[in-house]
1. Hey, of (i) 62, 50, 34; (ii) 55, 42, 40; (iii) 74, 55, 34, which did the structure itself give for Cα extents along the principal axes in Å when calculated?
2. So for segment 209-283, averaging the separation of alpha carbon pairs under 8 Å that are six or more residues apart and normalising by length, what relative contact order in percent results?
3. Quote the Stokes-Einstein diffusion coefficient, in whole µm² s⁻¹, for segment 185-298, based on the Kirkwood radius over alpha carbon pairs, a temperature of 4 °C and a viscosity of 1.567 mPa s.
4. Using modelled amide H (1.01 Å from N, peptide plane; none on Pro or chain starts), what sits under 5 Å from the amide H of Thr127, excluding residues fewer than 5 places away?
5. Per residue of segment 256-269, in order, report the coupling 6.51 cos²θ - 1.76 cosθ + 1.60 (Karplus, θ = phi - 60°) as ³J(HN,Hα) in whole Hz, putting x for Gly and Pro.
6. Pairs Lys55/Lys272; Lys220/Lys371; Lys179/Lys364: which exceed 21 Å Cα-Cα?
7. Taking amide H atoms as placed 1.01 Å from N in the peptide plane, list the residues 5 or more away in sequence, or in a different chain, whose amide H sits under 5 Å from that of Trp79.
8. Over the Cα atoms of segment 146-212, what radius of gyration and what Dmax do you get, in Å?
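The numbers here are math on the coordinates, done by the rules we state, and not lab data. Computed from a predicted structure; not experimentally measured.
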Amino acid sequence: MKPLLAFCALVALAFTTPIANADAALQTFLEQTLAAARDKNHLPAVAAVVQINGKLEAEAALGIRAEGHPERVTTNDRWHIGSDTKAFTATLIARLVEQGVMKFDDTLAASFPAFAKDINPAYRNITITQLLSHTAGLPSLTDNKDLPPFIAVIKTAPDVKGQRAAIARKYLTMPPASKAGEFEYSNLGFIIAGAIAEARTGKAWEDLIREQIFTPLGIKNAGFGAPGTSATFDQPRGHAEQAGKLVPLDPTQDADNPPALGPAGTINIALKDWLLFAQDQLDGVHGHGKLLKPETYRKLHTPVTGNYALGWGAKLGATGIPEIITHSGSNGYWLADIRILPKHDMIFLTVTNAGNEAANELIKDVGTPLKDRLKPLD
């Protein structure tokens, strides 16, 4: 069995109505909504949190960590968030830009001087901004058919940093898959952006994420790849759909994409720790985030084309302030969804340990009732 490559199923930007403060019954409502959605879609587990005005208003985790086993999920468990990792990578790049390590308008030719002469001419002037906004013309790397040649490339290098450098060298010498400037979702763009950060700092992307994102925000319950161990059911397990049934996966055996794909989608994290990152993004909209300057958050959250910014789906209001900042992510065995509504200081996270069509339905079955429950203001 081979893992699916991480993808973004960007949720429609419909959860944008003004939101009132949650009432005292929101906790019960969330629990009931999650239970109904889980039962309807026959999924192992689901968890969600709602934070308003910086206060955790409701949190719930329902179900089991693995089909066929009794261990229950908890609100402190870690969940694989797939392509929601991209917002972390974009924020990391932004930190390095502010530190003078790199620039958003650095070109690929300037970023890889060792093989600049071999880069396809169509890619030489592509910028880091284009990598992070899926407008670089790179292949998507979102389908299992893309996996064998990708695996062949990473086998040529002994460590993950070398693998990402080899990926950049290989794919940037090939013809582009789409026209530069046009949106074409691409995991490769984020892998290559991570490889540039590694080349500039000499540190692996994973270490940079810990140093530049996790530590400053106090994120401690997080990691990379499928969470948990083989010996015990100490964390939720991702589930593959086989013959119509969901089968739990050993976290050490084909339960995630190769680590080289990290910058595009391998973070696992507990919901309350993910909230620390989400709240900083929200605070950044209001001019007082911890990680970046206000103008840099604005760069991250402003769409480059359509509704995609840098590592985020976003829709701006009439004043230029984002109405919503959002993303969804999956490696095929999990699904995670984040929605931030800056005008109303609201954050909503939902996760499940399956990545099938039923998991996508669950996200809708949770999001729609919550949107209706949190009444619009006049």
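1. This structure yields the entry labelled (i).
2. So the answer I get is 36 percent.
3. 81 µm²/s
4. none
5. Those phi angles translate into 8, 5, x, x, 4, 7, x, x, 8, x, 10, 6, 10, 6 Hz.
6. In this structure, Lys220/Lys371; Lys179/Lys364 exceed 21 Å between Cα atoms.
7. Under 5 Å from the amide H of Trp79: Ile269, Ala270.
8. 12.7, 35
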